[in-house]
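Below is one structure, written out as structure tokens; comments come after it.
The values are calculated or read from the model by the stated rules, or taken from the named source; none is laboratory data. Note that the structure is a prediction, hence the values are computed from the model and not measured. Using ideal geometry, Cβ is built from the backbone for each residue, glycine included, and neighbour counts are taken over all protein chains shown.
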């Protein structure tokens with residue numbers, strides 16, 4: 001009986017109430033769409049540029065390992081080596097990270113803002 005009273009008391013929202021709710025909540029957005037399209041853009045980027053990225057990583061490893069016996073290990077040489085490796089890695093991964101980030105931003109803006 002109580003369920004019937006609750007259902008019978010509900011009314012359709014007025015136009016003003018709907019517009020107020022839309023203003024308050026903003027446009028509808030989907031987190032899944034943003035995640036899916038960002039992942040798709042990342043896979044597409046890796047498909048197109050992955051060979052080049054792998055080639056640069058392979059070349060960097062080959063260069064590092066070819067000089068492995070000639071290093072004198074001091075704090076300065078290890079620091080220099082790590083700095084060079086991190087720079088190379090950043091150079092290789094930065095385009096991928098920018099593509100993934102810009103895809104997420106574009107999809108988010110396309111859905112109605114951040």
Please tell me if residue 66 is at pLDDT 85 or above and loosely packed, with under 10 Cβ neighbours inside 10 Å.
-> yes
Yes or no: residue 88 in contact with a helix residue (DSSP H, G or I) (Cβ under 6 Å, 6 or more places away or on another chain), closer than 30 Å to residue 110 by Cβ and surrounded by 12 or more Cβ atoms within 10 Å (Cβ to Cβ)?
-> no
Cβ-Cβ below 7 Å, separation at least six or inter-chain, first residue in region 5-31 and at negative phi and surrounded by 10 or more Cβ atoms within 10 Å (Cβ to Cβ), second modelled with pLDDT of 75 or more and outside any helix (DSSP H, G or I): which pairs?
-> 29/111; 29/112; 30/111
Does region 90-114 hold any residues that are touching a residue at least 12 places away in the same chain (Cβ under 8 Å) and farther than 18 Å from residue 48 by Cα, and which are they?
-> 104, 107, 108, 111, 112, 113
